[in-house]
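Below is one structure, written out as structure tokens; comments come after it.
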Amino acid sequence: MTLADLRRLGRGVIAPSEVGPVLACSTRTVYRLMDAGQIPEIRLGRRRLIPLSPFLSMLGCEPATGGAEGLADEAGGDHDGD
């Protein structure tokens, strides 16, 4: 998975195993970075997930826009309902 793939995901969270290839490191290293507070995380029971938007912001990019609003933005259109 690449950074561009992550930006296009339609989910709000990603698994540590999806982040490793983007950062060119192992999943274990991703967990260590999460333990050190260097990668944001959300815990759901025993699961540890990474919130996509804060993670991408940390890397200096934002999620790709999608849906009708995203298309209007990309076309330079106005989508405020007028």
Of the residues 81, 10, 37, only one is surrounded by fewer than 11 Cβ atoms within 10 Å (Cβ to Cβ), modelled with pLDDT of 90 or more and either touching a Pro at 6+ places or on another chain (Cβ under 7 Å) or part of a loop (DSSP other than H, G, I, E, B) (or both); which?
37
Six or more apart or on different chains, Cβ under 7 Å: which pairs go from a residue in region 52-68 that's modelled with pLDDT of 85 or more to one that's of a type in the set (Lys, Arg)? Could you list them?
52/11; 56/7
Let me spell it out: the conditions are (1) outside any helix (DSSP H, G or I); (2) on the phi < 0 side of the Ramachandran plot, and residue 19 meets all of them except one. Which number is the exception?
(1)
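The values are calculated or read from the model by the stated rules, or taken from the named source; none is laboratory data. Just so it is clear, the structure is predicted and the values come from calculations on it, not from any experiment. Cβ sites come from the backbone with ideal geometry, for glycine too, and all protein chains shown count toward neighbours.
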